Amino acid sequence: MRRALRVICDRSAFANEVNFAKLTNEEWLVKLDSLVGNKRVKFFHSQYFFDETLASYASERNRVLLRKQLPSLFKFYEGRWFKLMGAMLESEISNQNHCVFMPEHKRRKMQKSMLDCICDDNWTDYQKDHLEFVERKNNLEEACLAIRNQSNDLRKEAKLKSPKSSQIPTFDEYCKLEYDDWVKQCLIHTSDVFTKMIVQTGNDPCYETSKYPYTSAWFVGTLFVKYYSEHISLKIDKNAFVDVAQLCYLNDTDVIISNDGKFMKSAFDHLWKAKNKKFLSTDEFVELIDRTSCKWPSPLSLEYHSQGTP
């Protein structure tokens with residue numbers, strides 16, 4: 001039996017009214033409904049997606065639009081939610097009833113809290129009680145940021161200039177040189193519980209990709225944040241760690257829909273493109289569904305050539 005195309009959305013796929021309208025267009029949704037109903041397309045979501053959506057609610061000017069959009073986003077092919085990355089890594093390493101998805105009762109409770117928040121204008125209480133994305137960064141994110149800042153300070157002290165393009169190592173070269181030390185530094189800065197879990201397995205989670213796909217993808221992805229900030233943009237993208245987490249979910253999906261043409265696209269190209277994963281803009285995904293619905297029941301083809309996405 002042919003496996004469904006597994007899709008996850010980045011917040012930028014719906015980021016403005018134009019893109020939101022394209023993905024909720026009734027005529028287009030009839031085509032997508034048919035593919036979903038015939039199990040040719042399957043959607044998954046992450047709490048990061050909804051947390052980023054709710055984060056925009058802090059600005060009053062966004063609230064009217066958010067009240068309009070959020071119920072539709074929840075109904076957009078209500079796929080299961082992936083765990084937040086901290087919980088994902090801990091369950092993967094402990095291997096105790098490891099499941100990549102958030103328990104359904106927790107997902108339903110979280111969804112209700114988000115809807116109550118925008119209906120009752122009770123943003124502060126929601127943020128305080130639930131919004132992990134805003135309230136408390138994952139320990140690993142804090143560790144990586146601390147290490148990167150330390151590296152940047154040392155660079156400034158030494159008055160090192162940015163290398164010329166011809167001197168910039170490829171990420172594969174950089175990874176071979178930096179990965180071991182990066183893992184050690186992350187473990188020094190992160191929580192005792194997580195460090196003990198890693199040590200007990202002999203650091204295998206950081207290296208055995210097939211056995212610990214999320215843990216190894218996370219460490220490589222966060223190392224790419226450091227590489228990107230040193231050799232590509234010379235600064236840390238404010239959403240870099242969430243983008244890395246979103247891309248980690250490609251372990252269990254085939255396509256990410258995103259209009260992020262900066263850090264996330266660069267990270268995807270370096271880390272996931274060679275693994276036969278796809279990064280599609282909103283327009284590209286809409287066109288893919290249009291083309292596929294016209295050719296039913298022929299196989300859904302992902303041979304899509306990007307129209308100049310940076």
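Values for this structure:
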{"read-out": "The stretch 229-287, relative contact order [Cα under 8 Å, separation at least 6], %", "value": "35"}
{"read-out": "Dipole magnitude of the stretch 17-59, debye to nearest 20 (Cβ charges: Lys/Arg +1, Asp/Glu -1, about Cα centre)", "value": "340"}
{"read-out": "Gyration tensor (alpha-carbon) shape descriptor, the stretch 31-91, a/c threshold 1.5", "value": "oblate"}
{"read-out": "Three-way shape label, the stretch 1-106, alpha-carbon gyration tensor, a/c 1.5", "value": "oblate"}
{"read-out": "Full-stretch length increase - LYS275, LEU234 - with 0.36 nm per residue and alpha-carbon distance subtracted", "value": "12.1 nm"}
{"read-out": "The stretch 47-114 versus the stretch 207-251: alpha-carbon centroid distance in Å", "value": "20"}
{"read-out": "Calculated FRET value between LYS112 and GLN167, using beta carbons and R₀ = 45 Å, to 0.05", "value": "0.25"}
{"read-out": "Segment CYS294-ASP33, length gained on full extension (0.36 nm per residue, minus Cα span)", "value": "92.6 nm"}
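Taken together, the values in this text are just the output of simple stated rules run on the coordinates, not laboratory data. Values in this document were obtained by computation on a predicted structure and should not be read as measured data. No Cβ is skipped: glycine too gets one built from the backbone with ideal geometry, and neighbour counts run over all protein chains shown.
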